[in-house]
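> Structure provided below as structure tokens; questions to follow.
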Amino acid sequence: MKLKPKVLAMVLAGGRVDELNVLTAHRPKSAVPVGGFARVIDFPLSNLMQSGLELVALLSQYRSFSLINHVGIGAAWDMSGRHRGVFVLPPYQGFGQSNWYRGTADAVYQNLDFVRYHSPETLLILSGDHIYNMDYREIIEYHRQKDADLTVACIQVPMKSAHRFGVAEIDDEDGERGGRILQYIEKPANPKFKWASMTIYCFKPQVLYEVLDINAREDDSFGFGQDIIPRLMADQRRVYGYKFKGYWGYTRTIEEYWQTNMDFLGAEPKIKIEEWGIRTNLEHRAIRDYQPLKVSNDGSIENSLAYNGCVIEGRVENSILFPGVHVKPGAVVKDSVLFFDNLVGRNAVLNKVVSDVNVIYGAGSRVGAEGDVQKKNTTVIGWNNHLPDGMVIGSGCTLYPDLPPEKMVAEIIDGEVVR
Amino acid sequence: MRNLDNPLVLLLAGGVGSRLNLLVQTRAKPAVPFAGFYRIIDFSLSNVMNAGFPHVGVLTQYKPLSLMRHLGTGDAWDLSGRIRGVKILPPRTGAKDSDWYKGTADAVRQNIDFIQAHPSREIVILSGDHIYRMDLEDMLRHHRRKEADVTIGMMVVPKSEIHQFGAGITNDEGRIIEWEEKPKVPRTNLASMGIYVFDTEYLLKILTENREESDFGMHLLPKAIERDNVFAYPFHGYWRDVGTIQAYWEANMDVIRPDSDISPQAWGIRPNPYAESLAADRCSARFKSGSSVHNSMISAGCVIEGEVVNSVLSPGVRVGKNVLVKDSVILHDCVLEEGARVDLAILDKRVRVGKGAVVGTGKDKKIANKEHPKHLYTGISLLGKEVVIPAGAVIGRNCIISPYRKPEDFSSLNIASGETI
């Protein structure tokens, strides 16, 4: 069976991430739009496609419709065919116990029959929540060379933020490429190592089956970082760290999410989107039906990304416009991220705003920070809101999705949350 | 059970369209890109889709490859499914009728078996060459209401242009009583758009009456008008045959005019984003600091550092620093290097304009192209596929650079207006 894939990839795409606020009110983190046309999940899926790994399972739990709808039959990433496919694995009821996924490891554990059916030589398990460009063939190659039981992709982070990650001490076995993990601590209060786990794991399947089985029987929590890696370390298994040097967009808060979007911009963007080969599903929201974007005679757009279907009659700076955004004459959009089909009315001013889909900004409305944006917080507007003409909203505000007209008062001050 | 209420559509997409010059050197006219990432045939196909007609035969003959690739399974226009489909009908050899298509009627005649295999009360015949939006369902209703044998889509055009069309004179009930094919002296301003609804049985009858008659406009329609019930279906709105370089350029400019009444998106026109990764592999357009874009259409995947004015850019075009693009149509993945200037030009796919090169310069725009004075005479210069213009070159008005020409093919860096390489 020459065509049978040797690697099965499992993407953990079920999480909500509370800090992302209203952006994950109706969709999992992995389905959040990012970078002007794509969703977060498009990054790992496109990485898989570019790495020639086209047998993929998506573990999805929270508000999975948006994700399932987005992935479709997987054809956008060439993942449809005799030996190729994307399989969505939701939680399910069984004969014995029936549970929601209680953690990342439990999600895989509950689907071990699926994994065993495909009997891969190597299991690649990765989070669907991050923005990066990686050729997974390299970590898989390293994993095989080392005959490792588990290989974890790691990236260097500043010591002051290391407490947010699982961190590892990696020996010098293969220098720049990687080495054996000597110690691993999940989210330590006082971190001593700077190599953070990117939650990208290569497993020898048999080893994973065993450790998941013990985890399910003996532990009270079911996370790869918290439980599985420490168990393998304690058992003196061959656990290796693969050192990744590229960009990694870790977006757990609104400010990080905003910053990651800004990393697509600039004279030398950190995210060179033109070179990353990211694909999205053009059927989702029918973005394939948009015509090329139009800039009117008086419109202007600089240091920005904008997709088909946009109409720019006002001024756009340092911003990201998703398909179908219309900026009317006299309006100014700065340092903002506007999702699909936003309408910015005449003379409206938006500063450091992240705006979910289908928001209408009335004429002359003013939203977000004034002055130095780096020092101000982002204002987040949930989907399907209609801001009346002349409305004023400060910085660091949150508007929940679908607010009724009576909630749209004339002024909302800095930091306020309207729900 | 096939629903006889749905007409069968035949789309004539075989013409050479030679007045489009080198734009049709490697592709059929209906496959010529338009307004960014559409192709001309998308307009006719989308009109069919929006009318809900489920079955289309596309009659091809000239360089059909890029057209066939573009049509794919017909999915893009919702033309794939249990009772839906788009079929390519190239000329073929057989027991009888083994020849190239000799004209519009001959092409249809050679596919009578296709018509018989798809029983329907009416046949809708369209050309794949036009930019327009039309409610074909309404035209079909009109045809049935009038109990016509043939209904012809017709519109009012300036009398000075009537010599390019079939012209009809109608009576009070909209019946066509007289017909002149491309009249030198106009007697009417009602022109045929080359859009017909035929009663199927009637069509089969007149096609088999005289097998020498090869063209609808010249042979079959005048006879039908004399003998039978031929009605005009009046059309109002934008319609353009983009069969010449001048018309092609003007139609592109019509899309970006501030008061433009043509919008592919609002019209429900769909491209095929999957064919040749036309759109599937494109990220957002990037506008760098210091760039400036006015009154233009920019497709996904473009990177703009310079200035773009009154122009239409297809996906993946790179406009470098200090570049000025004006009044131009730039097709896919062209690269305009630093300091280049492009004024009043059409660039086919993957053209590279070297540093500081100038395409389209000279006050006198009336020096027509010497080899093709009827194709280029208003100042538009035309650069073929994958041409590489050397750095510092200066190219005049109404120039033609043939596809795949590289810097070593230029004997001089100065190409005077009207010259061809």
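The values are calculated or read from the model by the stated rules, or taken from the named source; none is laboratory data. Note that the coordinates shown come from a computational prediction; the quantities given were computed from them, not determined experimentally. A quick note on method: Cβ atoms are made from the backbone with ideal geometry, for glycine too, and the neighbour counts reach across all protein chains shown.
> Just name the residue that is surrounded by the fewest Cβ atoms within 10 Å (Cβ to Cβ) out of those in the stretch A:24-40 that are small (Gly, Ala, Ser) and within 14 Å of chain B (Cβ to nearest Cβ).
A:Ala38
> What strands (runs of 3 or more DSSP E) completely inside the stretch B:334-383 contain at least 1 residues that are within 26 Å of the chain's Cα centre (by Cα) and of a type in the set (Asp, Glu)?
Output list reads B:341-343.
> Now, a different point. Just give me the residues in the stretch B:206-260 being charged (D, E, K, R), more than 24 Å from B:Ala13 (Cα to Cα) and touching a helix residue (DSSP H, G or I) at 6+ places or on another chain (Cβ under 8 Å), in sequence order.
B:Lys223, B:Asp228
> Looking at B:Asn322, B:Asn272 in this structure, which one is part of a loop (DSSP other than H, G, I, E, B), more than 8 Å from every other protein chain (Cβ to nearest Cβ) and at pLDDT below 95?
After applying the criteria, what remains is B:Asn272.
> Let me ask another. Go through the stretch A:63-105 and count every residue that is outside any helix (DSSP H, G or I) and closer than 30 Å to A:Gly277 by Cα.
The number of residues fulfilling the criteria is 18.
> Is there a residue in the stretch A:155-163 that is assigned by TED's automatic domain parsing to the domain that holds A:Arg27, among the β-branched types (Val, Ile, Thr) and touching a Cys at 6+ places or on another chain (Cβ under 7 Å)?
Checking the stretch A:155-163: not a single residue is assigned by TED's automatic domain parsing to the domain that holds A:Arg27, among the β-branched types (Val, Ile, Thr) and touching a Cys at 6+ places or on another chain (Cβ under 7 Å).
> Could you check the stretch B:26-121 for helices (runs of 4 or more DSSP H) lying wholly inside it with 1 or more residues that are closer than 25 Å to B:Arg240 by Cβ and of a type in the set (Phe, Trp, Tyr)?
Counting at least 1 such residues, we get B:41-51.
> Could you please find all residues in the stretch A:132-147 being touching a helix residue (DSSP H, G or I) at 6+ places or on another chain (Cβ under 8 Å) and assigned to a loop (DSSP other than H, G, I, E, B)?
Selection gives A:Asn133, A:Met134, A:Asp135.
> Can you name the strands (runs of 3 or more DSSP E) wholly within the stretch A:160-254 that have at least 1 residues being within 24 Å of A:Leu20 (Cβ to Cβ)?
By residue number, A:166-170, A:178-186, A:195-203.
> Determine whether the stretch B:245-265 contains at least one residue that is in a loop (DSSP other than H, G, I, E, B), facing another protein chain (nearest Cβ under 8 Å) and surrounded by 19 or more Cβ atoms within 10 Å (Cβ to Cβ).
yes
> Only residues that are in contact with a helix residue (DSSP H, G or I) (Cβ under 7 Å, 6 or more places away or on another chain) and hydroxyl-bearing (Ser, Thr, Tyr): list them for the stretch A:263-291, please.
A:Thr280 - this is the single residue of the stretch A:263-291 that is in contact with a helix residue (DSSP H, G or I) (Cβ under 7 Å, 6 or more places away or on another chain) and hydroxyl-bearing (Ser, Thr, Tyr).
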